[in-house]
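Some notes on the structure that comes next.
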Amino acid sequence: MKTFRLLTAVSIAALIAVPTAVSAQQKTLYVAGYGGSFEKTIRDEVIPAFEKENGVKVEYVAGNSTDTLAKLQAQKGNQQIDVAIVDDGPMYQAIQLGFCGKLDGLPAADLYDTARFKDDRAVAIGIVATGLMYNTKVFKEKGWAPPTSWNDLKDTKYAKQLVVPPINNTYGLEALVMLSKMNGGGESNVDSGFKIFKDEINPNVLAYEPSPGKMTELFQSGQAVIAVWGTGRVQSFANTGFPVDFVYPKEGAATLLTTACPIAKPNASPLASSFVKMLLDPKIQLVMLKDYGYGPVLKSLVVPPELGKMAPIGERAAKLYNPDWTVINEKREEWTKRWNREVER
């Protein structure tokens with residue numbers, strides 16, 4: 001009887017301990033994503049509601065896509081991140097490296113095909129176009145026509161007034177691909193793009209700047225008047241009242257998908273998938289469109305006309321060029337070394 005009572009006591013203690021262990025398992029959810037205005041939108045519009053609904057604290061880790069991918073690689077075997085929000089190029093790499101878990105319960109029938117990833121290891125949460133940004137006030141004062149082409153980056157009147165994100169940033173990389181494509185090359189042959197950057201665009205470049213905050217500072221200080229950037233960033237900047245607009249180059253703007261995935265790891269929290277799916281909620285999709293210029297990924301979403309002025313929606317989205325990330329990711333390290341050697345010296 002003593003043995004039975006002892007076993008019973010141990011069993012009861014174990015049962016009592018289970019809820020405690022489960023509840024302690026996931027007190028904090030770590031979400032890694034972009035900084036700047038995107039971080040503000042997530043902190044203001046997504047995190048408070050998610051924390052309240054799920055009884056969990058969300059810690060946001062800001063960084064660009066390559067920073068987040070590097071963290072995932074450094075933490076391999078002991079992942080600290082629960083959700084990663086990155087550009088589509090690095091996301092393909094993250095999936096290939098086995099970092100992304102499977103998303104269940106996606107609204108598959110309502111998602112555009114471009115938003116889906118193989119085996120639902122990730123999902124696009126917004127569609128961005130990579131093109132040109134310019135200061136409308138300065139252009140008007142100088143009597144300059146708005147830019148219309150990727151070739152405008154060569155125009156000598158922009159000497160030391162052009163900003164381009166570096167090649168380890170998707171915007172800079174897609175500019176290289178588009179210039180190569182226009183000149184007989186493409187993802188499989190970027191020689192022409194490198195030559196144009198080195199010989200014709202470089203003299204105009206004030207800075208190869210990856211930071212969104214520093215990009216806006218260069219425009220606010222009047223040092224920069226034209227840049228390569230995405231609709232999301234330009235819309236956010238325009239929302240502050242600064243006189244900028246986005247141009248879809250006549251040769252085509254490139255697709256950039258903002259994507260999210262739950263990180264695969266032992267005892268991964270189901271809340272990671274829940275956070276990703278919350279980003280697909282129609283209300284959040286409209287917030288992303290309004291605050292960040294993201295083209296929605298839901299087919300059923302009705303876009304108010306006043307919110308669709310800059311984002312890639314409808315015909316603009318249909319005309320975007322979709323880069324071949326399979327080829328790009330195989331060559332990306334090689335291109336980065338070449339860029340640092342030939343262009344950004």
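Listing for the model above:
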{"read-out": "The chain - percent relative contact order, Cα under 8 Å, separation 6 or more", "value": "24 percent"}
{"read-out": "Candidates per trypsin sites (Lys or Arg not before Pro) in segment 139-208, loop by DSSP, up to 11 other Cβ within 10 Å", "value": "160"}
{"read-out": "Prolate/oblate/rounded label for segment 20-158 (Cα gyration tensor, a/c 1.5)", "value": "prolate"}
{"read-out": "Alpha-carbon Debye profile of segment 80-231, log10 I(q)/I(0) at 0.12, 0.18, 0.20, 0.21 Å⁻¹", "value": "-0.63, -1.08, -1.20, -1.27"}
{"read-out": "Semi-axis lengths (Å, descending) of the ellipsoid that matches the C-alpha gyration tensor of the chain", "value": "43, 22, 18"}
{"read-out": "Within the accessible area of segment 101-194 (1.4 Å probe), percent carbon and sulfur", "value": "46 percent"}
{"read-out": "Kirkwood-based Rg to Rh ratio, segment 245-345, C-alpha trace", "value": "1.06"}
{"read-out": "15 Å tail of the calculated P(r), segment 100-152, as % of Cα pairs", "value": "63 percent"}
{"read-out": "Span-rule helices in the chain, defined as complete DSSP H runs reaching 20 Å or more along the axis (Cα) with Kyte mean at least 0.0", "value": "2-25"}
{"read-out": "The chain - accessible surface per residue (Å², probe 1.4 Å)", "value": "46 Å²"}
{"read-out": "With every protein chain in place, segment 243-339: carbon and sulfur % of accessible area (1.4 Å)", "value": "54 percent"}
{"read-out": "Cα gyration tensor shape of segment 193-257, rounded if a/c is under 1.5, else prolate or oblate by comparing a/b with b/c", "value": "oblate"}
{"read-out": "Partner lysines for residue 27 [C-alpha distance under 16 Å; skip if fewer than 8 residues away on the same chain]", "value": "52, 57"}
{"read-out": "Under-5 Å amide H pairs with residue 58, H placed in peptide plane, nonlocal only", "value": "29"}
{"read-out": "Pairs beyond 22 Å (Cα-Cα), from 118/250; 71/299; 195/331; 198/337; 283/319; 76/102", "value": "118/250; 71/299; 283/319"}
{"read-out": "Share of Cα-Cα pairs in segment 221-265 lying beyond 16 Å, as whole percent", "value": "54 percent"}
{"read-out": "Out-of-range pairs (alpha-carbon distance over 21 Å; input 154/181; 40/290; 140/290)", "value": "140/290"}
{"read-out": "Rounded if a/c under 1.5, otherwise prolate or oblate - segment 169-292, Cα gyration tensor axes", "value": "oblate"}
{"read-out": "Cα centre as origin, Lys/Arg/Asp/Glu Cβ charges: the chain dipole, Debye", "value": "580 debye"}
{"read-out": "Amide proton proximity set for residue 126, modelled H, under 5 Å, gap of 5+", "value": "258"}
{"read-out": "Percent RCO, i.e. relative contact order, over segment 27-114, from Cα pairs under 8 Å lying at least 6 residues apart", "value": "36 percent"}
{"read-out": "Separation between Cα centres of segment 236-264 and segment 133-208, rounded to whole Å", "value": "16 Å"}
{"read-out": "Counting DSSP beta bridges with both ends in the chain, the antiparallel % (nearest 5)", "value": "65 percent"}
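The values are calculated or read from the model by the stated rules, or taken from the named source; none is laboratory data. Bear in mind the structure is a predicted one, so any value in this text is a computation, not a measurement. Cβ: placed from backbone, ideal geometry, glycine included. Neighbour counts: every protein chain shown. For accessibility, only protein heavy atoms count, side chains too; no ligands or nucleic acids. Shrake-Rupley method; radii C 1.70, N 1.55, O 1.52, S 1.80 Å.
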